[in-house]
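One structure below.
Computed from the coordinates by the stated procedures, all read-outs in this text should not be read as laboratory data. The structure presented is a predicted model; accordingly, all values stated were derived computationally and were not measured. Using ideal geometry, Cβ is built from the backbone for each residue, glycine included, and neighbour counts are taken over all protein chains shown.
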Amino acid sequence: MNKRGWMMSMGWFGLAIVLFCFSSCQNISSTTLDSLKNTRKGQPEGIDTIPEAEPEPTPLLLDKWDSLQKNLVIFPVDSLRPVDVKVQKRLLRDSLRKEFNKHPKHVFLTFDDGPLVGSAAIDSIARARKIKVSAFLVGRHAGMGKGRQRDLERYKANPYVACYNHSFTHAYNRFNTFYSNPTSALADFEKNEVDLRLEHKIVRLPGRNIWIYDNVRKIDLKSGASTADLLYSNGYRVYGWDVEWRIQSTTGIPVQPLNEVFNRMRNFMNNKSSMRPNNVVLLMHDDMFQTRKGKQLLLQLLDSLQKQDYKFEFIEDYPIKY
Ligand SMILES: [Zn+2]
């Protein structure tokens, strides 16, 4: 054994003694530890350090919230002054809600099925208002004439628009058939990604409100689940929505009045009842904003949301965690 090898062996031996004492001698004094440290000075670098316990990372507010939601919090039961566990749960939920309210609230405006008539309005409003929006694009629509191609290029050039994958064919709106063959559905998303030169592996399934990302898996309709799982195992994140707003595309008459949509979003924010607290995803469709009336409604919604001081985010940053 060469000199360095011998010194390393001695270093590890010393470290083993320290660890042994640390684990077995409950009453070991700090002086003893200090003296052990001191005797090790001058040994080769990188070997003579005693591993110090990593400070426990402070759990995120979101982790605490999840534990409560999943009934993983154990509440103390004091037999002298019993407080109902339900009451303790409610108190904890209220205090976590208050904690969340100290943080900013985030809105994800998502527009599906573009490029379509209506995309140009979204593009110019996002740019003029400097508001981030997320567009889930359908490649087949981009091939439907010069206008749609131009809309696509505008989206891609706009720093306030992030482009994501909503499949190439949009299942030709025959969703059950499309999802009955997950392999060909995956190929359809992959074609869209290549054709539209999409940078993010983020998809929304046509006709399905399915979420699969990190450790979250939420399925609305079983048909679509296998495709979503296959996408996820191929590196994609799948995002659904919390609230949907519909406006009749050709008349601009809202199916859900603006107030109703805004109130639902605000309630989700305040009650922490969206998929993730303080994060609300709104689904709209590009063709809703092809009329003057539709555009005005979108501007009014933005006004209302901005008055609440909500922050607008791209879906690739979902969810914003504390
Ligand atoms: Zn769609």
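For Arg237, the residues whose modelled amide H falls within less than 5 Å of its own, excluding neighbours fewer than 5 places apart on the same chain, are Ile202, Val203. Cross-linked pairs Lys132/Lys201; Lys156/Lys191; Lys130/Lys156; Lys272/Lys321; Lys156/Lys321; Lys272/Lys307: Cα-Cα separations exceed 22 Å for Lys156/Lys321.
The calculated P(r) of segment 106-317, using every Cα pair and 5 Å bins from 0, goes 1, 7, 16, 20, 21, 17, 12, 5, 1, 0 in percent.
Placing unit charges on each Cβ (+1 for Lys and Arg, -1 for Asp and Glu) gives segment 69-134 a dipole about its Cα centre, and among Ser79, Leu91, Gly114 the Cα reaching farthest toward its positive end belongs to Ser79. Annotation: peptides 101-112, 221-232, ranked by per-residue average of other Cβ atoms within 10 Å with the highest first, follow the order 101-112, 221-232. Note on Ser273 and Gln149: with the Förster distance fixed at 35 Å, the Cβ-Cβ geometry gives a FRET efficiency of about 0.30. Listed by Cβ neighbour count within 10 Å, with the fewest neighbours leading, Phe75, Phe136 appear as Phe75, Phe136. Here is the size of segment 75-115 from its Cα atoms: Rg then Dmax, 19.2, 66 Å.
Order by neighbour count: His170, His141, fewest other Cβ atoms within 10 Å first, most last. Don't jump to the answer; show the numbers that get you there.
Values: His170 20, His141 23.
Listed from fewest to most nearby Cβ atoms, that is His170, His141.
Ranked by how many other Cβ atoms sit within 10 Å of their own Cβ, fewest first, the residues Asp188, Asp94, Asp286 fall in the order Asp94, Asp188, Asp286. Proximity of backbone amide H atoms, modeled 1.01 Å from N, is registered between Asn279 and His106 at under 5 Å, excluding neighbours fewer than 5 places apart on the same chain.
Taking label positions 7 Å along the Cα-Cβ direction at both Lys311 and Lys293, the computed distance is 3.7 nm, reported to one decimal.
If the chain between Tyr172 and Phe75 were fully stretched, how many nm would it gain, using 0.36 nm times the residue separation less the Cα-Cα distance?
Working: separation 97, 0.36 × 97 = 34.92 nm, distance 5.19 nm.
Stretched out fully, the Tyr172 to Phe75 stretch lengthens by 29.7 nm.
Using θ = phi - 60° in the Karplus curve 6.51 cos²θ - 1.76 cosθ + 1.60, the 3J(HN,Hα) couplings for segment 254-265 round to x, 6, 9, x, 3, 4, 5, 5, 4, 5, 5, 5 Hz; x is entered for Gly and Pro. Taking the Cα centre of segment 166-254 as origin and assigning +1 to Lys and Arg Cβ atoms and -1 to Asp and Glu Cβ atoms, the resulting dipole is close to 160 debye.
Extension gain, Gln88 to Gln248: 0.36 nm times the residue separation minus the Cα-Cα distance gives 52.9 nm.
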